[in-house]
1. In segment 338-355, how many are assigned to a helix (DSSP H, G or I) and over 17 Å from Gly393 (Cβ atoms)?
2. Just to be sure I understand the filter: pairs with C-beta atoms under 9 Å, separated by 6 or more residues or on different chains, first member in segment 181-193 and of a type in the set (Lys, Arg), second member not in a helix (DSSP H, G or I). Which pairs pass?
3. Restricted to segment 331-367, and to residues that are among the polar types (S, T, N, Q) and more than 20 Å from Val290 (Cα to Cα), which residue is nearest to the chain's Cα centre (by Cα)?
4. Working only within segment 284-318, note down all residues that are closer than 18 Å to Asp352 by Cβ and under 22 Å from the mean Cα position of the chain (by Cα).
5. Could you grab me the full set of residues in segment 401-421 that are closer than 25 Å to Ala338 by Cα and crowded, with 19+ Cβ neighbours inside 10 Å?
6. Are any residues in segment 353-372 modelled with pLDDT of 95 or more and of a type in the set (D, E, K, R), and if so, which ones?
7. Hey, among Ser7, Ser2, which residue is outside any loop (DSSP other than H, G, I, E, B) and either of a type in the set (Val, Ile, Thr) or modelled with pLDDT under 80 (or both)?
8. Taking only segment 319-330 into account, find how many residues are within 30 Å of the chain's Cα centre (by Cα) and more than 20 Å from Met299 (Cβ to Cβ).
Amino acid sequence: MSSKIKSVWICSECGYESLKWNGQCPACGEWNTFNEEIKNVSKSTIKFSQKNGIYEKPVLLTQIINSDESRYKTGLNELDRVLGGGIVKGSVILLGGDPGIGKSTMLLQVCENLGESLKVLYVSGEESKRQLKLRAARLNVNSENLYIMTETDIESILEEIRQNSPDLVVIDSIQTMNHRELTSSTGSVTQVKECTNLLMRLAKELEIPIIIVGHVNKDGGIAGPKVLEHIVDAVLYFEGDKQMSYRILRGKKNRYGSTNEIGVFSMNRTGLVEVENPSLMFLAGRPKCVPGTCVACIMEGSRPIFAEVQGLAATSGFGNPRRMATGFDYNRMSLILAVLEKRAGYFFSNLDAYINVIGGIKLDEPASDLAVALALISSLKGNAIFDNAIAFGEIGLAGEIRAVAYAEERVLEAHRLGFERCVLPYYNLKSINLSSFESKINLIGVRTIKEAFDALAK
């Protein structure tokens, strides 16, 4: 008897299945996420998901040995920082990013560094062995412990891992992997989810860390079901403009360390180079005594990052003034402009307003509000802000400057980089211990936007 074939609609965000197309997913609430797939309903389709009647017996929590995680140092300190100290044995890491951003380049460099003492298996479903050899030659990767495998069948890959027991496995990419007992096409929601589950189980069973490369969609998220990010232990994103040399590696999830940590790299002919002090890179070439620029300080995990914010207020040539923000949330910018007009008396209603964050970094922390507002006011008034000054603080709808977290860490980093003035929320002053500073830095606590501009304007 032939297998019964049916068509189902699967949500790409959560994996919810429906017999008909829906505009909005009933499970996760997302719109336009349903994709049609053909399923072969037979007994053989589920046999691989069973574990031959063997299951893990429950044990007492007190009987579990609490030992420190064994980590592999990748040889890239910025990557180790994002991972929380290195690659943990038995962990599954998902690495996403735009095509050509440097994912494969970084992984080959990691394989070269770890290949000095460990056995590494690199599985590629997109490139041939010759293509990988050419890329490796360009990056000076010639490790004797690096094995290359060009295969897309997940069962063959799992069997190879079981037989040779490598210390690290790289899968490039998960969207090219397929399970032969699934009738859906390669890269579908079912294929991606099931292949990732099989890799996760094997990693936990054999204590082998596995790095999975994932493609991204047009919105910048990992292509495939959202549940994919819940299966793995860590999710890393490569960000940056391919036309520029820098790359930002951001940790979105990490079960073995802090989240929202970033690592900064620079791309050159020989691969990715670490940037140990990214603040200096983002501030390099900053103009002096020019209205419309201010330095902001944001926290990326436990690391303070300084970035130059440029604002421009220009006469509008159209009926409706333009608003444009690069590296800053557009809605947040509109809120700040409304507060500046209503509460502070700075009018932008008939002017075009632009915000640009230098270096391609994204300011998504409320503490950057004050620097954005000061850059806009500086351009509006034509008064430059002191070059040796920074500003941070959240702006409320009443025009007040609200306190932010990690104020002392931000001030310490500003002092280390040589800044002499720091405008911060008034209610953060009492949390800063001035005795920890070797030389004096002028801390100016402010309650309103006007106080902040008067303190920094030349």
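1. Here the count works out to 3.
2. Lys193/Gly15; Lys193/Gly224; Lys193/Pro225
3. If we filter segment 331-367 for residues that are among the polar types (S, T, N, Q), which is where we start, we get 331, 334, 349-350, 356.
Applying the additional criterion that residues be more than 20 Å from Val290 (Cα to Cα) yields 331, 334, 349-350.
Numbers: Asn331: 21, Ser334: 25, Ser349: 35, Asn350: 37 Å.
Result: Asn331.
4. The one that is closer than 18 Å to Asp352 by Cβ and under 22 Å from the mean Cα position of the chain (by Cα): Val309.
5. Once the filter is applied, which keeps residues that are closer than 25 Å to Ala338 by Cα and crowded, with 19+ Cβ neighbours inside 10 Å, segment 401-421 yields Ile401, Val404.
6. Asp369, the sole residue that qualifies.
7. So the residue among Ser7, Ser2 that is outside any loop (DSSP other than H, G, I, E, B) and either of a type in the set (Val, Ile, Thr) or modelled with pLDDT under 80 (or both) is Ser7.
8. Selection size over segment 319-330: 6.
The values are calculated or read from the model by the stated rules, or taken from the named source; none is laboratory data. Small disclaimer: the values here were computed from a predicted structure and weren't measured. As a convention, Cβ positions derive from the backbone with ideal geometry for all residues, glycine included, and neighbour counts pool all protein chains shown.
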